[in-house]
Amino acid sequence: MARDQEIDRILASHARDYFTILQINPLFDFEGLIKRLYRKKSLLIHPDKVKHPQASKAFDRLKRAEHVLSTEDDGDEDAKKRVNEKAALVDIYKQVSVGLKTSIVEDFNHKDNVLIREKVHLVLDNQDKQEEVERVYNQRQEASKNEELKNAAKERQMRKQWESKWEDDRDSRVQLWRNYVNKVEKKKKKPKKKVLA
């Protein structure tokens, strides 16, 4: 029963709120807790030990949370990205805490911390929506650009075909012009009138 509740709790957490997934209060020193809580929770919800249908999804979230929160900046591009993601999440927690003017309590389940986590969840949802809007906008821009490129290529192809056809018809045009010119230049001579005298 506790295993299923833990899986449901992890799945109810925002996928990028790694502190909530591991049940860590980021407003206090949390560096020593990450590995210990990860091991404890991974043993509790491991898909091989639980028959919950979404255990693997919850376990993946738990692994991702541990991976991001325990990453140190070693110069690797991915590591820098994860460290920045962790720092941004801590900043969101701090800003929400200051904005709500709540007391900072170490207890993870304190009502003030629950309120902070709810607001952080909303902030992360808004960020996800903004990222989705940007992604859709970029897709539309890319599609529009591709359409313009296709139209330009089509126009070039039509122009090439037209020029090719123009060149192929050159001889017939020249012959038609010559026939026309010959007809126009050859004026019929007026018959001479016979004078009777």
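Observations
- Qualifying residue in the range 66-89 (condition: touching a residue at least 40 places away in the same chain (Cβ under 8 Å), surrounded by fewer than 16 Cβ atoms within 10 Å (Cβ to Cβ) and out of contact with any Asp or Glu (no Cβ under 6 Å at 6 or more places or on another chain)): yes
- Pairing residues of the range 44-59 that are hydroxyl-bearing (Ser, Thr, Tyr) with residues that are surrounded by fewer than 19 Cβ atoms within 10 Å (Cβ to Cβ) and in a loop (DSSP other than H, G, I, E, B), at Cβ distances under 8 Å and at least 6 apart in sequence or on separate chains, gives Ser56/Pro47.
- Filter result for the condition that a residue is surrounded by 14 or more Cβ atoms within 10 Å (Cβ to Cβ) and within 20 Å of Lys119 (Cα to Cα), over Leu37, Leu44, Leu11, Leu62: Leu11
- Enumeration of residues in the range 9-22 that are free of Cβ contacts under 8 Å to residues at least 40 places away in the same chain and either part of a loop (DSSP other than H, G, I, E, B) or over 14 Å from Leu124 (Cα atoms) (or both): Arg9
Here's the yes/no breakdown for (1) among the small types (Gly, Ala, Ser); (2) loosely packed, with under 10 Cβ neighbours inside 10 Å; (3) in contact (Cβ under 8 Å) with a residue 24 or more places away in the chain; (4) more than 22 Å from Leu22 (Cβ to Cβ):
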| site | (1), (2), (3), (4) |
| --- | --- |
| Lys94 | no, no, yes, no |
| Ser97 | yes, no, yes, no |
| Asp112 | no, no, no, no |
| Lys119 | no, no, no, no |
| Gln141 | no, no, no, yes |
| Lys145 | no, no, no, yes |
| Arg156 | no, no, no, yes |
| Asp168 | no, yes, no, yes |
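- Which listed residue is surrounded by 10 or more Cβ atoms within 10 Å (Cβ to Cβ), modelled with pLDDT under 90 and assigned to a helix (DSSP H, G or I), from Val133, Val174: Val174
- Some residue of the range 33-43 being out of contact with any helix residue (DSSP H, G or I) (no Cβ under 9 Å at 6 or more places or on another chain) and part of a loop (DSSP other than H, G, I, E, B): no
- Leading residue by the ranking (farthest from Lys86 (Cα to Cα)) among those in the range 1-55 that are of a type in the set (Phe, Trp, Tyr) and at pLDDT below 90: Phe28
- Conditions (1) of a type outside the set (Phe, Trp, Tyr); (2) modelled with pLDDT of 95 or more; (3) within 30 Å of Ile104 (Cα to Cα); number of the one not met by Leu149: (3)
The values are calculated or read from the model by the stated rules, or taken from the named source; none is laboratory data. These numbers were taken from a predicted model, which means no experiment stands behind them. For neighbour counting, all protein chains shown are included, and Cβ atoms are generated from backbone atoms with ideal geometry for every residue, glycine included.
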